[in-house]
1. Roughly how tilted is helix 731-743, in degrees to the nearest 10 and between 0 and 90, from the longest Cα axis of the chain?
2. Tell me, what is the FRET efficiency for Ala221 and Leu139 to the nearest 0.05, using R0 = 35 angstrom and their Cβ-Cβ distance as r?
3. What ranking do 289-301, 178-190, 10-22 get when scored by the average of other Cβ atoms within 10 Å per residue, highest first?
4. May I ask for the distance between the Cα centers of segment 149-200 and segment 717-752, given as a whole number of Å?
5. Let me have the relative contact order for segment 14-128, percent, based on Cα pairs under 8 Å that are six or more residues apart.
6. For the pair Arg581 and Ala112, how long in nm is the line joining their label points, each one 7 Å along Cα→Cβ?
7. How big is the C-alpha Rg of the chain next to the rule-of-thumb value 2.2 N^0.38 Å, as a ratio?
8. I want the local charge near Leu993. Using Cβ-Cβ distances under 14 Å, sum +1 for each Lys or Arg and -1 for each Asp or Glu among the other residues.
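Just so you know, all these numbers are worked out from the coordinates, no wet-lab data involved. Everything numeric here is computed off the predicted structure, so don't read it as measured data. Note that we place each Cβ from the backbone using ideal geometry, even for glycine, and neighbour counts take in every protein chain shown.
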Amino acid sequence: MRVAVLGPIHVYADDGIPIEVGGARLRGLLARLALSAGQVVRAETLVDALWGERPPAGADKALHALVYRLRKALGSVAIESVATGYRLRVGAEDIDANRFEDLAARGHRELAADRPDRAAALLGEALALWRGPALADVLDAPFSGAAAARLEELRIAAAEDGFDAGLRLGHHADVLADLEAASAEHPLRERLAALRMRALHAAGRRSDALRVFEQVRSTLADQLGIDPSHELRTAHLAVLRGEREAPQARTEPAPGRLPAPLTSFIGRDDELELLSGLLETSRLVTVVGPGGAGKTRLALEAASRHRTHRRGRVWLVSLAGTDVVTEAVLGALSSPGARPVGGGSAEPVDRVAELLGGGEAVLVLDNCEHLVAAAAEFTGRLLERQPYLTILATSREPLDIIGEAICRLGPLPQPAAIRLLTDRATAARPGIVLDDEPVIDIVRRLDGLPLALELAAARLRAMDADQLAQRLDDRFRLLASGNRTAQPRQQTLHAVIDWSWDLLADKEKTLARRISVFPAGTGAAAIEAICPGQTLLPGDIAYVLDSLVDKSIVERTAGGYRMLETIRAYAAGKLDLAGERETMRDRFTRHFADLAEEHEPLLRSHEQEESLRLFDTEYDNLLYALRTAIDDHDATTAARILATLPWYWMMVRYEPRGDAFVARVLEFGDELPPDARAAFDVLRATGDDEPVITLDRVRALIEECARTGALERYPTLMTATLFLGYGAGLDRLAEREMARARSRSDSWAIACTFFVEAIIGNHRGDWEVATTAAARALHAFEETGDRLSTALVLTLVAQTRSVRGDHDGAIAAYERSVALTSHHGITHRIGLAVERMRAGDLAGARRDIEIAERAAWESGQQSQRLEAMAALIELYRRSGEVERADQELDRMKRVGSESPLPAGNAIHGFMLAARMANLLTAGDAKRARELLPDIVRIPAALRDLAAAAQQLARLLYLEGDPGGAATALGMSQALRGAFDHGDPELGELATSLAERLGPAEYDTAYQKGARMPRQDVIDRLTE
């Protein structure tokens, strides 16, 4: 796919066919994503880009709707969702603006190297990509003004380079007309004026050339109050002297000016856009971030694009090697002929002001962190004296001056970090081939820090990516050499962190090294509980923590605080040197064991939402505490933490490592409390990794739970234990434990018994028992305040209402379950969509499926995507679009084959049943009959046998066997315990059969199936 933004927004498929994208806002979204192709654009950035200062109510939902529409136009894989935003999945070279910038930059380099023929070819190719004003049909979008202006500036600069190349080649007659037009359009562009003077002079029109100079000088003085630039004055002098040769490009920057970059600028498009905007609205802008984040490179890139750079009014001052700010600035400003008027003041700040002069200028103060107070004082005083001066500072903490604008710099987004590592590795070792997996691992473990990635790329000269990834545990030794031309503190990863560490106060160092015990982000409460000590009192923590955030040692996140992995590794070394490792590990595990035990019961109460947020935020820390307790052979603490997690794993977060954690804790054997060991034995028996267990083993497990009181101590195991008993045919044992639970006062455990009773009733076709138990479970869970369990039971209630034909009641139950589950409710939303289909509301079903699809994409969960696809297949079938249903089924098969989910057989079973339904709807009895043996071979546990009986009835009807079809319908009642009155297709089938057979014969045939023993029906459907 290719996207063109240099003109109206156009998009083309890989085969060159245009793709229609309707609507200005939709094209605006595409354009904004294209401008950051391959990179994640934060959701809030997109909202600002599309709606500016007046976002709609529910802006996130509005954005999701736009993304969904754009996916419909471009294809579902064109836009990737990540945790923080969206990414257009195209290469940078697939965006015409990126190709233009690359060609223009190459042309500029060729011109600087005095190769005008090559420059002219490249620049001509670059300018040919333009089809009109950039972003021409989305200029009303808030983001487009700055983006279009930037691209237009690059276009004009490329045109100027093109004119320059033409003049050097002696083509003055060819470029003069275009130069005249460009100069008229941009009368204040001094380089255009200088080029026009050179062209006129080369054409023998010396007086016209001199007249141009006078016109421009007058315009600059009247409108801007400035004198002509050095380039324009040089061109004027050349005309006066009769010199016609083109001036050669200067290869070295002027003293104190910006250095020429040695490598390409990769990533940071959003930050660069932000910084460019801040330079227009603020007089002091500070780029703040951790060491190695690329603050200097970003600042130089922004400064090089500022209009003052073209006038020679940008100065770079590095403070890294100095202790006196004013001396460094004066040194950068010193140059031949730079003298203050009147001999200069004795006051250093005044001398700086006089050397800067009165025009617009940018002063870049790099590396302010070790001189923050002095830099702040100097900056404040200088800005008071220079009303047209802007100061761009880089530091690991803000200067804290009134009016200071902050541009915070964190790690590179993963796509940009991968591009950076790949680009630098290719330069270091041409021809190297990098596999995705180790590269992604390197980027993740180095936090996307540009300096760390540059150092890692240098190491790839001597080793492969796999070898590098394996050695990153010793990252400071591994990345101990790099750019010899850099400041000593930036030559190694260790030196970068060392520099920041040495600038911390003692309390800051203490807190920073102790925070390294956290493997993931955490809340302030956990830090305050774990990190205090004799030299760091609890009351000091909040203040010191804020200081660490300011100094880019710790990052503030939506859920609390986190430390970059590279900084954490360094701080962990300091923790070891301080001899605090064991103390902190012990505090950490005890704190999270206490926290988990406190909040686990609340997960199943009216406090559920708050406790879920805590488990979500601290989940990685909880698991680390569990692993630490296991590794430290602390059986009691390991058991305490593990016991709090099974319900969370079942209801909220699938944990593929769960079975392994249970197995490791069970290795403690008799060191575990008896009730915990019994509980974990049940978890192991019901886990994915456990082979089929014997009847005696199940009986022993349940009896041990009863003997030790495990079900009373750990009520979240009630459901699994009862299902284990019923599944093994130990009904009396299961019913005994159910009665015991109901005799106790734990209302949540009692609710679980009714839920199990409802499920078992459904499974065994005992319709009345299932319906009554579901209603009692709903009431009981409502009383506890457990919203997720209430929602789960509401789906059972909805299904019973639906089978009775009460669609309004079923829809109401599903809608309530969706409302209760919020971001956990994709499955409930799918259930609602299916019920709307059964009620005949296909448009409403489509809306719900679209919502579920968007949520599934956002979640990144493959299982939820498959659920949404299954509902869409059914919608197409019920809408009569069988061909589309088959196409979607084929797509589901491809996605399912890529799925790592353990339920592969269940997916296969669903797809076979769906294929059968499509064939029956299309009236293709022959192919449906051919498919039947494959369906029969699917294990009964992975099939809805009542639905299978209904499909058999439809097949027999198509084959001309109405009596057999009526019997098969009756078999569905024998399995479910009730006829499905809510399915309009079954109703039509039953009516047709009664018309063909007559009411009496139909009833006889139907009752033949309905009165069959349930096991006989199962045997018939699985033979």
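1. The two axes meet at around 70 degrees.
2. The computed FRET efficiency comes out at 0.60.
3. 289-301, 178-190, 10-22
4. Computed from Cα coordinates, the inter-centre distance equals 85 Å.
5. 25
6. 4.8
7. Values: Rg = 35.8 Å, N = 1023, 2.2 N^0.38 = 30.6 Å.
That works out to 1.17 for the chain.
8. Here the count lands on -4.
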